[in-house]
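**Q** Got a structure for you, questions after.
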């Protein structure tokens, strides 16, 4: 079922819905999310931060379902289906929202605003490429909710 959704959504992703800009602001759907993906060590740290600080409050995701995509993202984010790319970038964004400036600098060596901007762009680009307003999918709904909360 997911393969059908992914194939359909990637075909329609070439023509993003014009109303997407209403809540995702203008973003180039051809943005290469591979350059925005954190390195493997940071993926695991962000995932653990999300599980410790965000998930207990939101309970939006099913951890055993998402965990394999987190592992796959450490090797190549482009192997992850588009709707899970959006969810992962939303998770990264929420994890960064949950840390202080000092924690972020200690973890990444750069400001919180810079890291947050990077993962926010990844989430926005993935949501637009999936054509969030025209495709129905649980993972994309989870991504959209987490993104909006961030």
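All of the numbers you see were taken from the coordinates with simple rules; none came from a lab. As the structure is a prediction and not an experimental result, all values here were calculated from the model. All Cβ positions, even for glycine, are placed from backbone atoms using ideal geometry, and neighbour counts span all protein chains on display.
**Q** Suppose the chain between residue 39 and residue 141 were pulled fully straight at 0.36 nm per residue; how much longer would it get relative to their current alpha carbon spacing?
**A** Between residue 39 and residue 141, full extension yields 34.2 nm more.
**Q** Now for a different question. Please compute the modelled spin-label separation between residue 65 and residue 101, points set 7 Å along Cα→Cβ, answer in nm with one decimal.
**A** My value for the distance between the label points is 3.8 nm.
**Q** Continuing with the same structure: For q = 0.14 Å⁻¹, what log10 I(q)/I(0) does the range 44-113 give under the Debye formula with an equal point scatterer on each alpha carbon and no solvent?
**A** Ignoring solvent entirely, the Cα scatterers give -0.43.
**Q** Going by how many other Cβ atoms sit within 10 Å of their own, how do 72, 101 line up, fewest first?
**A** 101, 72
**Q** Could you please rank 46, 36, placing first whichever residue has the fewest other Cβ atoms within 10 Å of its Cβ?
**A** 36, 46
**Q** A further question on this structure: Using Cβ contacts closer than 10 Å as the measure, can you line up 30, 150, 90 from fewest to most?
**A** 30, 150, 90
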